[in-house]
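Only the coordinates and a few stated rules stand behind these numbers; no lab work does. Note that the structure is predicted; figures quoted are calculated from it, not measured. Cβ placement follows ideal geometry from the backbone for every residue including glycine, while neighbour counts extend to all protein chains displayed.
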Amino acid sequence: DTEVTQTPKHLVMGMTNKKSLKCEQHMGHRAMYWYKQKAKKPPELMFVYSYEKLSINESVPSRFSPECPNSSLLNLHLHALQPEDSALYLCASSQTRYEQYFGPGTRLTVT
Amino acid sequence: TQLLEQSPQFLSIQEGENLTVYCNSSSVFSSLQWYRQEPGEGPVLLVTVVTGGEVKKLKRLTFQFGDARKDSSLHITAAQPGDTGLYLCAGRGDDKIIFGKGTRLHILP
């Protein structure tokens with residue numbers, strides 16, 4: 001099973017809302033990632049968790065707050081977002097240094 | 001800074017034709033991955049190449065890793081409309097995976 005699941009599939013939120021994105025994998029992978037992808041661009045790394053600890057934060061604004069409750073789950077808490085934050089948010093996981101497996105993404109629209 | 005440059009950026013060809021897309025860098029990578037992404041979906045891993053000179057085949061797709069591990073190519077034989085998508089190469093940099101900007105492939109029926 002090489003599946004990474006993400007919920008919700010689509011999310012529309014106002015600039016004053018608080019929402020969360022969820023990601024889950026049951027492959028026993030020890031690293032999990034959040035990416036942001038704008039239209040017609042490659043994914044941009046936001047955060048990396050390794051063994052449930054935040055190991056990389058790519059200078060992401062504090063209105064994005066990641067959380068890794070356990071080795072299978074990864075959340076991204078959203079608060080006071082801007083319209084330019086609208087994008088496809090991708091979660092990925094990996095066991096080796098070589099390969100990442102991506103979820104289907106959450107399409108976020110900030111109004 | 002390690003960069004991966006993909007070419008061409010866009011490619012539109014007729015069904016049944018062959019094509020090659022490239023992923024190049026001035027840096028050595030311990031491995032390179034190729035992904036295909038369809039609109040609104042996450043990238044799907046196609047292959048990982050690890051050894052310089054390595055060739056891997058996935059049905060009509062042939063992947064090659066350069067001898068010096070600085071470049072890779074993806075060759076598609078007899079392209080089909082289902083091959084349409086964004087093809088991304090990625091490699092492990094110093095502390096994270098680096099993506100190329102992708103080749104957007106469109107196969108015309």
Q: Send over the per residue convex hull volume for chain B, Cα only, as a whole number of Å³.
A: 89
Q: Could you work out how far apart the two model spin labels at B:SER30 and A:ALA39 are, taking each label as a point 7 Å from the Cα in the direction of the beta carbon, and quote it in nm?
A: 3.8
Q | Nearest-20 debye value, chain B charge dipole, Cβ charges on Lys, Arg, Asp, Glu | A | 160
Q) With each label point set 7 Å from Cα along the Cα-Cβ vector, what nm distance links B:GLN2 and B:VAL55? A) 2.6
Q | For chain A, size of Cβ-based charge dipole, Lys and Arg +1, Asp and Glu -1, in debye | A | 280
Q. So what J values fall out for the stretch A:72-88 if you push phi through Karplus, 6.51 cos²θ - 1.76 cosθ + 1.60 with θ = phi - 60°, rounded to Hz, Gly and Pro as x?
A. 9, 10, 9, 10, 10, 8, 10, 8, 6, 6, 10, x, 6, 7, 4, 4, 8
Q. Counting Lys and Arg as +1 and Asp and Glu as -1, each charge on the Cβ, what is the dipole of the protein assembly as shown about the Cα centre in debye, to the nearest 20?
A. 240
**Q.** Positive-end residue, the stretch B:5-108 charge dipole about Cα centroid, Cβ charges, pick of B:PRO8, B:SER30, B:ASN18
**A.** B:SER30
Q) How long, wide and thick is the protein assembly as shown, going by the Cα atoms along their three principal axes, in whole angstroms, largest first? A) 50, 37, 34
Q) What average count of beta carbons from other chains do you get within 10 Å of the Cβ of residues in B:32-45? A) 5
Q | Counting all C-alpha pairs of chain A, share separated by more than 24 Å (%) | A | 17
Q.
Which entries of A:LYS19/A:LYS41; A:LYS18/A:LYS41; A:LYS9/B:LYS57; A:LYS41/B:LYS96; A:LYS9/B:LYS70 have Cα-Cα distances beyond 29 Å here?
A. A:LYS9/B:LYS57; A:LYS9/B:LYS70
Q. Taking a point 7 angstrom from the Cα of B:GLN14 along the C-beta vector, which residues in the stretch B:71-99 have backbone N less than 15 Å away?
A. B:78-81
